[in-house]
Amino acid sequence: MNPVLWAEGLVKRYDGRVVVDGVSFAVNGGECFGILGPNGAGKTTTLRCCLGLTTADSGAIGLADFAIPAQARDARYRVGVVPQFDNLDPDFTVEENLLMWARYFDLSHRAARASMPRLLAFAGLSERGHVRIDTLSGGMKRRLTIARALVNDPDILFLDEPTTGLDPQARHLVWDGLKRLTKEGKTLVLTTHFMDEAERLCDRLCVMDSGRIIAEGPPRTLIEQHIEPVVVEVYGEGARAWADSVARPLVSRLEMTGETAFCYTDAAEPLLAAIGEHPTIRAMRRPANLEDVFIKITGREIRD
Ligand code: ADP
């Protein structure tokens with residue numbers, strides 16, 4: 001496979017502090033690759049290095065067959081970037097925003113106009129090309145920002161937290177749009193804090209912590225490798241003490257967060273039977289997911 005993006009041994013320091021610490025990965029064409037990690041893990045810095053927006057202290061990067069940072073200007077014609085915060089121009093209409101963006105890529109007005117129906121349809125805004133930005137909902141703005149990143153018909157799209165701040169319906173529409181793009185053969189690289197988003201969208205992902213990649217693989221494989229298949233969340237009055245004494249010997253791993261005990265096991269029946277005998281304890285049984293993996297390998301403490 002010829003990767004569309006690869007990084008080898010990236011190191012980046014700020015004020016002598018290493019924030020990206022020997023990161024290597026490769027993203028194949030048509031793949032959706034996720035970069036996950038707690039705040040401050042080094043995700044944004046890694047992406048900024050890949051785009052040539054900041055220069056790594058050491059390591060090598062290839063993006064769309066160009067060496068970064070040396071050929072970053074050439075690479076940018078093959079790349080679309082969706083920033084975390086929408087920066088659409090409020091003084092212009094939907095269509096004008098797209099046309100203006102096309103100018104950065106030296107597209108002729110005619111070519112840009114010709115791509116309008118396709119881009120507006122992608123954004124679900126075919127009927128709203130002439131409306132002002134401030135009349136759009138948050139979900140519409142997000143979809144328009146993604147459509148804008150497609151004006152140059154890029155091979156690879158970078159998305160920084162594509163659905164942060166959106167309501168559930170709007171998130172689903174964005175996910176549908178992103179899935180369509182991978183079906184069309186585009187390569188996506190995204191950062192996200194939402195594990196369900198990563199699980200749904202990503203063919204492969206890596207988890208970063210303290211500047212390093214600490215896990216990498218398809219979401220399903222990571223779940224199988226790191227976590228027991230069944231999780232029982234135990235809560236209710238006295239759940240913590242009960243879990244500590246009764247549940248602990250019945251499961252392979254137990255973690256407490258607040259008043260909830262997370263019980264990880266291969267077979268939930270003995271635990272569920274014990275819960276059935278206790279009147280105030282409630283339980284929810286579910287399959288293990290990516291969030292369980294994330295919390296296990298990066299820890300439960302909050303990073304600001
Ligand atoms: P993430 O995207 O995973 O939250 P970042 O890449 O933004 O992490 O940041 C990694 C670390 O580098 C953080 O500790 C952050 O404060 C620091 N950092 C990021 N950019 C700069 C900068 N321009 N100058 C100094 N420190 C920075």
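Quick notes
- Å² of accessible area per residue within the stretch 145-304, as computed with a 1.4 Å probe and no ligands counted: 46 Å²
- Percent accessible area from carbon and sulfur atoms, the stretch 50-201, protein chains only, probe 1.4 Å: 51 percent
- Convex hull volume per residue in cubic angstrom - Cα atoms of the stretch 228-287: 64 Å³
- Rounded to 5, percent antiparallel among DSSP beta bridges of the stretch 3-224: 55 percent
- When each of the peptides 242-249, 35-42 is scored by the mean number of other C-beta atoms lying within 10 Å of its residues, the order from highest to lowest reads 35-42, 242-249.
- Across the cross-link table entries 43/183; 43/179; 186/296, which are compared at the Cα atoms, the separations over 29 Å belong to 186/296.
- Dipole magnitude of the chain, debye to nearest 20 (Cβ charges: Lys/Arg +1, Asp/Glu -1, about Cα centre): 760 debye
- Folded to 0 to 90 degrees: helix 138-148 orientation relative to the chain principal axis, Cα: 50 degrees
- Toward the positive end of the charge dipole of the stretch 95-233, with +1 on the Cβ of Lys and Arg and -1 on the Cβ of Asp and Glu, the farthest Cα among 126, 173, 136 is that of 126.
- Ellipsoid semi-axes for the chain, based on the Cα gyration tensor and the rule √(5λ), read 41, 24, 16 Å when sorted largest first.
- The stretch 1-70: translational diffusion in µm²/s, Stokes-Einstein, Kirkwood Rh over Cα pairs, 37 °C, 0.692 mPa s: 267 µm²/s
- Normalised contact order of the chain, rounded percent, pairs of Cα under 8 Å and 6 or more residues apart: 20 percent
- Estimated distance in nm for a label pair at residue 24 and residue 280, the labels positioned 7 Å out from Cα along Cα-to-Cβ: 5.5 nm
- Label-point gap, in nm, between residue 212 and residue 172 - each point 7 angstrom along Cα→Cβ: 4.1 nm
- Fully extended contour minus Cα-Cα distance, from residue 164 to residue 65, at 0.36 nm per residue: 32.6 nm
- Listed residue (26, 162, 44) projecting farthest to the positive dipole end of the stretch 3-224, Cβ model: 162
- Residue ranges 217-226, 276-285, 5-14 sort as 5-14, 217-226, 276-285 when ordered by packing (mean number of other C-beta atoms within 10 Å per residue, highest first).
- About its Cα centre, the stretch 1-69 has a charge dipole of approximately 220 debye under the convention of +1 per Lys or Arg Cβ and -1 per Asp or Glu Cβ, with nothing else charged.
- The stretch 213-248 and the stretch 1-49 have Cα centres lying 28 Å from one another.
- A protection proxy built from the mean count of other Cβ atoms within 10 Å ranks the segments 64-76, 150-162, most packed first, as 150-162, 64-76.
- Using only side-chain charges placed at the Cβ, +1 for Lys and Arg and -1 for Asp and Glu, the dipole size of the stretch 142-286 relative to its Cα centre rounds to 420 debye.
- Two-decimal Rg/Rh across the stretch 160-213, once Rg and the Kirkwood Rh are taken from alpha-carbon atoms: 0.98
The values are calculated or read from the model by the stated rules, or taken from the named source; none is laboratory data. Predicted, not measured: the structure shown is a model, and the values here were computed from it. For neighbour counting, all protein chains shown are included, and Cβ atoms are generated from backbone atoms with ideal geometry for every residue, glycine included. Each accessible area value is taken on the protein alone, full model and side chains, heavy atoms only, with ligands, DNA and RNA left out. Shrake-Rupley method; radii C 1.70, N 1.55, O 1.52, S 1.80 Å.
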